[in-house]
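The values are calculated or read from the model by the stated rules, or taken from the named source; none is laboratory data. What you see is a predicted model; the values in this text were computed from it and never measured. Because the Cβ atoms are built from the backbone with ideal geometry, glycine has one as well, and the counts that use them run over all protein chains shown. Side chains included, ligands, DNA and RNA excluded: accessible areas come from the protein's heavy atoms. Shrake-Rupley method; radii C 1.70, N 1.55, O 1.52, S 1.80 Å.
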Amino acid sequence: MHDLVIRGGTLVRPGGLEQADVAVDGDQISAIGPELGAAKLEIDARELHVFPGVIDAHVHFNEPGRTLWEGVASGSRALAAGGGTLFFDMPLNSLPCTVNASGLAQKLEAMQQNAATDFALWGGLVPGNLAHLPDLAAGGVVGFKAFMSDSGLKEFPRADDYTLYQGMLKAKELGLPVAVHAESEELTRGLSESALAAGKRGVRDYLQSRPVLAELEAIQRALLLAQQTGCKLHLVHVSSGQGVAMVVEAKAKGVDVSLETCPHYLFFTDEDTERLQGALKCAPPLRSRRERDHLWQRVLDGQVDLIASDHSPSPPELKKGEDFFKLWGGIAGVQSTLSVLVTEGYDLRGLSLEAIARLTAESPAKRFRLARKGALEAGYDADITLVDLGSKFVLREQDLLQRHPVSPYLNRSFRGKVRQTLVRGFTVYFGGRALEGAWGKLARPGL
């Protein structure tokens, strides 16, 4: 007798859609097939689609140190409400930052005490911490995150070209990727200072201070460094179709590079930033409708490796003010990734459900070497999301499980409601609520 059988759902697998049962024993999928045997517990999924749990490779839950901004408990439950079963927490926004063994130990303790889902951790690459990278690798980080422009936090300074070069050489030795926020510091700083000196502090002034050119210049530099060092490179939150095109060209030349984009770059445009103000301030910023459509085409063509939320919340007061340059730059959207892809991708543009599963589960698991994650396969962890594709809903404040009810997706209509989320076979979200408790485990590369 199985521990659990999910009956009759439509499974979303790389080879296509398949109506079958899924058996779970312990914390792993033990069998997939028609009319599997009896179970201690059964879930009727005959009207639902069964996805591998969403793996969000880019979140800022801000713990320890800034839990008033989010916190692991609320952030991971919001992730589960959106069908997420595993998140990668970034090394900055927490205090201390995860740039050495001590910072990693404090981050890991916070995760173990509060995470409702499984988690992985990014280490930081900043000036002066090269000697700490081996300790971070030994502690289980999935890679090292660096900023090529000002991060906005003095605790996490940007990596100059020398630091990035030396960091990539060390990361190559350690067998881990370097992830970069690719925007040119020289261009963004110069354009910002020029605007502020002229008294320009509005939304459009900010958007013009971070043009697509700044992203492209930094991507080009990062690709060259990765090519010369042989380091695995991951480009976070690429906002432009032009940026994706540069990566495709580099891959053809043998550069080991992957890229992510984010739901907000696929859902919103610069015009929405003018309308919603601080709720949509981010870096890189939202682009034109034409650039958004170009990015969507790259997704549809299979040229984007994965999609992550870049959930970066703050207290509401930090998103308000007359000087748009001073507002906190980050979008709260950890709960909406799957909703955006089903609604804007599957429903409106013909993005297949198999592609959605690849972008949100299979690819991040493979790129960051997380064994037994990211697929509906026997022997894999039973990280499973049940979605009602026939259900349409409007996202309301009371639906948000994150700490602050600030989201640009509020009052938007979506298709595809998450009904249930299971992490290693244990239900963490059901019926509109996330269960209280900390069940999350650290996912380490190669394990």
The chain: relative contact order from alpha carbon pairs under 8 Å, six or more residues apart, as a whole percent, is 22 percent
Volume per residue (Å³) of the convex hull spanned by the alpha carbons of the chain is 123 Å³
Low-density loop GluC sites (Glu not before Pro), segment 1-66, at most 15 other Cβ within 10 Å, DSSP non-H/G/I/E/B, are GLU35, GLU47
A correct Karplus calculation of ³J(HN,Hα) over segment 143-157, with 6.51 cos²θ - 1.76 cosθ + 1.60, θ = phi - 60°, whole Hz and x for Gly and Pro, returns x, 10, 9, 9, 9, 8, 10, 4, 6, x, 10, 5, 6, 9, x
Answer check: segment 313-447, Cα atoms, Kirkwood Rh, Rg/Rh ratio of 1.00
Residues meeting the amide H criterion for ALA57 (H placed from the backbone, H to H distance under 5 Å, 5 or more places apart or on another chain) are PHE88, SER309
Which of HIS237, HIS181, HIS404 fluctuates most in a GNM of the chain (C-alpha springs under 10 Å)? That residue is HIS404
Carbon plus sulfur, as percent of the 1.4 Å-probe accessible area of the chain, comes to 49 percent
One point scatterer per Cα, no solvent, Debye formula: log10 I(q)/I(0) for segment 12-124 at q = 0.13, 0.14, 0.17, 0.24 Å⁻¹ comes out as -0.62, -0.68, -0.83, -1.27
Which residues qualify? For PHE147, with a placed amide H closer than 5 Å and at least 5 residues away or on another chain, they are ALA159, HIS181
In the structure shown, of LYS154/LYS200; LYS154/LYS326; LYS145/LYS320; LYS154/LYS319, the pairs separated by more than 21 angstrom at the C-alpha atoms are LYS154/LYS200; LYS145/LYS320
Counting Lys and Arg as +1 and Asp and Glu as -1 over every other residue whose Cβ sits under 15 Å from the Cβ of ALA252, the net charge comes to -1
The answer for the chain, accessible area per residue at 1.4 Å probe in Å², is 37 Å²
